[in-house]
Amino acid sequence: MDKTLSKLSLAAFGLVFVSTTLCAQTNTLPASGNLGIGTSPTTSKITIGAGESNKSIEIKGGNYFGSNETYRFPALSFFSTLDAVKSSTASAEIVFTDRPGTFTWAPNVRASDIHFYTAHQYISHFGTYPDLTMVIKSTQDGGYVGIGTSEPSDRLSVNGKIRAREIKVDNLNWPDYVFEKTYDLQPLTEVELFIKEKKHLPGVPSAREVQEEGVSLGEMNAILLRKIEELTLHIIALKKENERVQEENRQQELAIKQILEK
C-alpha cells in the first residue's frame, strides 16, 4: 500500500513538474524555416492566411450578445486586400477604434485605405455606430488625408478648427510686381465705382465665393499684400499731389503779397 502511494505521489509530482516547466517556457521558433498560420508558409518568415470576413489579424475588444445576434467589437483589425476597384463592399485594410462598437464601413472605401473610428452612440439592435475621425485614402484616390471627413478633396482636409504654432505657406506669385513701372494701377475713381456695384474690392473674392469655395491661405495673403501695395502707391501719389497743391498755394500767396506791397 505504501509503495502504491509512493508511486502515485511520485507520478503526481512529475506531472506537476512537467506542467509547470511547459507553462513557464516561452514559445520559440527555429532560426531557419518559415511559419504559416492558417495557410502554407511562403518565402516570408511569417505568412498569415485570411480568416472570417477576409480578416488576417484581429485584436478583439469584446462581444455584445443581443437577443438574436452577437456583435463583434474589433479594437484593431488588419484586413486583406479585396480588390483594387473602388466599391462599397471593399473593406479598410487597417481599422482602429477607441472602444468597442459595431459599425458599417463608409461608402466608397478602397481596400488600401486606412480608417480611424470612434464610437458615437448606441442604437438598439443595431449596436454602436462610430464617427469617422480620420481617413488616409489610397494612392488611387490621391493619397488624401481627411480629419473629421470621409471624403477629403485635398492632400489634407480638416472638418473643424486647426491650431498650430506656425504655418509656412509657399507662394510663387508674391506681388512685388505691383512696384514695377509696367504695373497698371487702377485709378481710385474706378475702384470706387467697382465697390458701389460689387460691394467688395476688385481682385478680392466676394463673401459668397468664400462661403461656397473657401480661400487658399497663401493666395489670400498674396491678394491682401497686393492691395496693401496698391494702397501704398495711392497714398504716395496723393502725398505728392498734396505737396504740389501746397506749393502752388504758397506761390499764389507769395504773388498776392508782392502785389499788395506795391
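Throughout, read-outs are computed from the coordinates displayed, never taken from laboratory work. Bear in mind that the values here come from a model prediction, so they are computed numbers and not experimental data. Cβ coordinates were reconstructed from backbone atoms using ideal geometry, including for glycine residues, and neighbour counts include every protein chain displayed.
Things worth noting here:
- Full-stretch length increase - L224, I46 - with 0.36 nm per residue and alpha-carbon distance subtracted: 58.3 nm
- Note on S206/I114: beta-carbon distance plugged into 1/(1 + (r/R0)^6) with R0 of 45 Å gives a FRET efficiency of 0.75.
- Pairwise FRET efficiency - E243 versus K196, Cβ, R0 = 30 Å, nearest 0.05: 0.50
- Phi to ³J(HN,Hα) by Karplus 6.51 cos²θ - 1.76 cosθ + 1.60 over segment 159-168, Hz, x for Gly, Pro: 9, x, 7, 10, 10, 8, 6, 7, 10, 10
- For M134, the residues whose amide H sits under 5 Å from its own are F116, G148, ignoring neighbours fewer than 5 places away on the same chain, with H placed 1.01 Å from N.
- For S157, distant residues with modelled amide H under 5 Å away: V145, G146, I147
- Fully extending the segment from K161 to L260 would add 28.4 nm, taking 0.36 nm per residue of separation and subtracting the current Cα-Cα distance.
- Computed from the Cβ-Cβ distance with R0 of 35 Å, the FRET efficiency linking L185 to S153 stands at 0.45.
- Here the Karplus curve 6.51 cos²θ - 1.76 cosθ + 1.60, taken at θ = phi - 60°, turns the phi angles of segment 239-251 into couplings of 5, 5, 5, 5, 5, 5, 5, 4, 5, 5, 4, 5, 5 Hz, with x standing for Gly and Pro.
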